1. Out of the strands (runs of 3 or more DSSP E) lying entirely within segment 456-554, which hold 3 or more residues that are modelled with pLDDT of 85 or more and surrounded by fewer than 17 Cβ atoms within 10 Å (Cβ to Cβ)?
2. Would you confirm whether or not segment 84-96 contains a residue that is small (G, A, S), within 30 Å of D268 (Cα to Cα) and either touching a residue at least 40 places away in the same chain (Cβ under 8 Å) or not assigned by TED's automatic domain parsing to the domain that holds E130 (or both)?
3. If we keep just the residues of segment 263-314 that are surrounded by fewer than 18 Cβ atoms within 10 Å (Cβ to Cβ) and among the aliphatic types (A, V, I, L, M), which is modelled with the lowest pLDDT?
4. On the given criteria, is K339 modelled with pLDDT under 80, loosely packed, with under 14 Cβ neighbours inside 10 Å, basic (K, R) and not in a loop (DSSP other than H, G, I, E, B)?
5. Considering only residues that are surrounded by fewer than 16 Cβ atoms within 10 Å (Cβ to Cβ) and not in a loop (DSSP other than H, G, I, E, B), which ones fall in segment 89-103?
6. Is there a residue being touching a Ser or Thr at 6+ places or on another chain (Cβ under 6 Å), under 27 Å from A41 (Cβ atoms) and in a loop (DSSP other than H, G, I, E, B) anywhere in segment 291-302?
7. Looking only at residues in segment 342-377 that are among the charged types (D, E, K, R) and assigned to a helix (DSSP H, G or I), which one is farthest from S15 (Cα to Cα)?
8. Do you know which residues across segment 147-171 are in contact (Cβ under 8 Å) with a residue 24 or more places away in the chain and among the acidic types (D, E)?
Amino acid sequence: MKRIKTYVANLKISSKIWLCMLTIGLVLALFLGLLSSWYFARLYQEDTYNQTADSLQIGSQSLTDSFNILLDNVINFASTADFSNIVEDTRTGDTQKYARNTALIQTPMSNLTLTNPILDTIIILGKNGEFYSLFTNTLKKEENPSGLFGWDLSSVDGITWLPIRRSPFIKNNYIIPVIIPISQLAGTRYLHIADNFDNADVCIVLMLDSKSVAQRLALSDSSYAKRTLYLADRNGQNISLDDSSPYYQLASSEETQMRVSKEGDDDDAQFLYDNNDYSLYGKALDFCGLKLVSILPKTLLHQRITKMNAFILLIAFAGLAIATLLSFMLSRFVTKPFKQLISNVQAIENNNYNTPHQMKYQDEIGHLNQAINSMYTTIQQQFQRIKQSERAKYRSEIQLLSEQINPHFLYNTLECINMEILGGHKETASSMITSLGDFLRIGLSYGNEVIPITKEFTHVKAYIDIMNQRFNRKIDFKYTIDPELENLYVLKSILQPLVENSIRHGFDVDVSCYENILMPAIEIGVHREEDQIILEVSDNGRGIDIEKANSALHPEHPESGRKQHVGLNNIYQRLSAYYGTVAITFESIPYFKNTVRLTIPQTAKTSQ
């Protein structure tokens, strides 16, 4: 977790903004998606319940109306004298009138059947074993009316609906028997509905057509979902679903019967059971302790919820994509000024911030950019003032040091030329004047601080020529330079003082030991080592006191009362002022090779 936090913390601001917006969009899409899915699922379930409740209400009302009409017609049928005679004969055990009663009852039974669409047929079972039916009905061979067709009538309690079964007639359709036990009050001809089968004299058996009942129930269904409605008794036992129905096993299961039997007698539809495949709802009917049960398969509901979830998922992805795009645009919009600000600071750091950048908008970043521009302008002005001050100071120091070189040598040379002229040595005087002109012209250089290395060599040669003519000596001079350094520019008048030291101190023109040096020579070499330029001035004089030479570079107590001696310290100060970091080292083998080595950096100042 710490690594992830560190990784995120090290991301660019644009990436952080993009990641935060994306995370917010993802969490929001997930939250809205789950909330919408839950809400619409609940909404679909409530809608399904309302639809089911309406279907149950309509189905129960339709079935109640149909049964009430049928029951009224049965009561009218049972109120006829012919039916009363049948009950009387059955009660007394008189079978002599059976044929006559059968013939008389045909028309009322036929009218009753025709006037009730859900009624398939009607039969009358007598206590004495008599059986009355329409002549058009033909019993199957295996059916025995006297044995009550094998039906268990022990559950009969008043008007009782029995479970669906095959018709005992050869039509072999499915019927739902409705048993109405009728008994005659003792000593009267009044009839009433008995409590059970044993106390009844006759039983009117209404054989309801199961298809007609199912169609009547189906009229209450809607196209919203393909429900299956069926009738159950007070014990939850299936009454109307035959074994061809896909939900027959479900309706006949003990669990379903138990849940249906526990249903209360409320008028409203009740939710009974729910699983992944279906939902079970029920409603108590107003007659015979029956219950109308609705089996609602969840296939269509699942399809609707799946489509809804797919739509929500699509919306979530679209919203996430839009959020990603907007977060990317927002991060660019927010961080673009920061990038420009960083670029400005880097340009200032690299010293190439030539034109201050102005922000388009004057927000906090714009004000910060203005502050940076103002600070940069102030710093540049300070730099310019410092540079001008340093340049003026530097020029003053260089001018002072340069002026220290010329007077002493110039006075002596002019005096020598004057003596040559007075002595009549015109050619010698002319040659000295030419060498002096070259020396002064290069030394002045129109005020330039640096000159080509070749001119520096010419400057040294002019000086040696003057010294040779002044002291009537022959000092050999030569120089070597790497071809790649022929265009090298150096600070002027840095080699001539070293050559002057070689002549005055190495060869010591004022003492006789000079005579012992048969071939005095001075050599200058220029080469490069990595990024350094090495200038070496060598002679074969009497040698260098290295300790004194090093102390001369940084004298602790300059001579008082006159100007500082023009020499090594002069050269070191000028080189340090111009190049910054320089080095002067010494090597000495007397009368063989004595070398002063100058090391300067190779920078833009050494090439023009």
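1. 476-481, 521-529
2. No: zero hits.
3. Checked segment 263-314; the qualifying residue modelled with the lowest pLDDT is L300.
4. Considered against the rule, which asks whether it is modelled with pLDDT under 80, loosely packed, with under 14 Cβ neighbours inside 10 Å, basic (K, R) and not in a loop (DSSP other than H, G, I, E, B), K339 comes out as yes.
5. Listed by number, the residues that qualify are T92, A99, R100, A103.
6. No, there is no match, as no residue in segment 291-302 is touching a Ser or Thr at 6+ places or on another chain (Cβ under 6 Å), under 27 Å from A41 (Cβ atoms) and in a loop (DSSP other than H, G, I, E, B).
7. Ranking the candidates gives E349 first.
8. D157
The values are calculated or read from the model by the stated rules, or taken from the named source; none is laboratory data. Quantities reported herein were computed from a predicted structural model and do not represent experimental measurements. Positions of Cβ are generated from backbone atoms using ideal geometry, with glycine treated the same way; all protein chains shown enter the neighbour counts.
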